[in-house]
């Protein structure tokens, strides 16, 4: 016998919701929307422009954001206390936390409507890797011909994927040297 789902309707946002995630305990929902309504328990003030993406760590203890303000930020998922910042010179559309390394990957690039006015070299359509503890960039992966809209690590941490405005989904497998890499402090 099947049990019908009984949805709970949470009202508050007046415009489209673009991301939704749970915290570790499952008692809080983080949402990103194109408005400022809804019940606000704590507002993230560390970004000064639109947040495009939120993703959680595999153990659900951290949340990473990606913003049009050219940065990505790491937060404690329970308190929303700011932990680390990762800065670029282009808008960040997506960011993810490695499940096995102290690394984050970020994707973005200049706005899609501006792409035709510049070369792809200037557009900065690269996935960028940062050390999560030191906030230092240590690598870039090229391949997309337009802004990267989404990034995700595979659950085993041995690869990541990126999806771009160019219509391609790219799956990148890490070389063995990636797992031996240590950033010099």
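Derivation of every value follows stated rules applied to the coordinates shown; laboratory data play no part. Quick caveat: nothing in here was measured; it's all calculated off a predicted structure. Every residue, glycine among them, receives a Cβ derived from its backbone with ideal geometry; neighbour counts consider all protein chains shown.
Once C-alpha pairs closer than 8 Å and six or more residues apart are averaged by separation and normalised to the residue number of the range 46-180, the relative contact order reads 17 percent.
Starting from the Cα-Cα distance between residue 60 and residue 174, subtract it from 0.36 nm times their residue separation and give me the gain in nm to one decimal. Net length gain for the segment: 38.7 nm.
The simple spin-label model puts a point 7 Å past each Cα toward its Cβ; for residue 79 and residue 156 those points are separated by 3.7 nm. Here the simple spin-label model places points 7 Å from the Cα toward Cβ, and for residue 46 and residue 138 these points are separated by 2.0 nm.
As a proxy for reagent exposure, 89, 135 were ordered by neighbouring Cβ count within 10 angstrom, fewest first; the result is 89, 135.
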